[in-house]
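Below: one structure, written as structure tokens.
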Amino acid sequence: MWPLSLEEKSKSQVNRKLANKLLLKADKSLGYKSIKGSPVILSLDGSTIVLDYDLLRKLYRTLKNRHVNTKIEWRGSAPVLMIYHHTGNWSKDTGTIELKQLPSYKMELLTDLPIIELNTD
């Protein structure tokens, strides 16, 4: 995984700051939390999901010496980024990681996010 370009990073940060200002003005009793990281629209094989790119990059760095397969699946009404990882062909050292999409109240405030295309090659 590569870092975001300066243009993508600034676009994401401007949207995040604007959304956080609006969240601060929201009703405190709703318990809304601020947006952290660099929110992006991640596109993979024609499906899209909105999530924190910084968190995804950090996760990929921890899986550095492993075989990784990534896909977007639908769980209920929301997409989930599924990351399947293993060490070798016959190894029992395998795992699955699920990254859920940002909550709908956050996505409504994020308007012009950069679109990042992931390759499955």
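Just so it is clear, none of the values below were taken in a lab; they were calculated from the coordinates. It should be emphasised that the depicted structure is a prediction, and the values quoted were computed from it without experimental measurement. Here Cβ is always computed from backbone atoms with ideal geometry, including for glycine, and neighbour counts include all displayed protein chains.
For the residue pairs LYS33/LYS71; LYS64/LYS100; LYS25/LYS58; LYS36/LYS58, the C-alpha atoms sit more than 19 angstrom apart in LYS33/LYS71; LYS64/LYS100; LYS25/LYS58. Counting only DSSP H runs of at least 4 residues, each contributing -39500 (n - 2.57), and dividing by the residue count of the chain, the helix-based mean residue ellipticity at 222 nm comes to -8500 deg cm²/dmol.
Can you give the % of DSSP beta bridges in the chain that are antiparallel, to the nearest 5? Around 90 percent of the beta bridges assigned by DSSP in the chain are antiparallel ones. Extension gain for LYS36-ARG57 works out to 6.2 nm (0.36 nm per residue, less the C-alpha to C-alpha distance).
When you filter the trypsin sites (Lys or Arg not before Pro) in segment 48-80 for DSSP loop state and at most 13 other Cβ atoms inside 10 Å of their Cβ, you are left with LYS64.
Dimensions of segment 15-65 from C-alpha coordinates, computed as largest minus smallest value along each principal axis and given longest first, are 44, 26, 18 Å. Restriction of the GluC sites (Glu not before Pro) in segment 33-108 to DSSP coil positions whose beta-carbon has at most 13 other beta-carbons within 10 angstrom yields GLU108. Roughly what % of Cα-Cα distances in the chain sit above 19 Å, to the whole percent? Of the Cα pairs, 52 percent sit more than 19 Å apart.
Please go through segment 71-110 and write out the chymotrypsin sites (Phe, Trp or Tyr not before Pro) that DSSP classes as loop and that have at most 15 other C-beta atoms within 10 Å. In loop regions of segment 71-110 (DSSP not H, G, I, E or B), the sparsely surrounded chymotrypsin sites (Phe, Trp or Tyr not before Pro) are TRP90.
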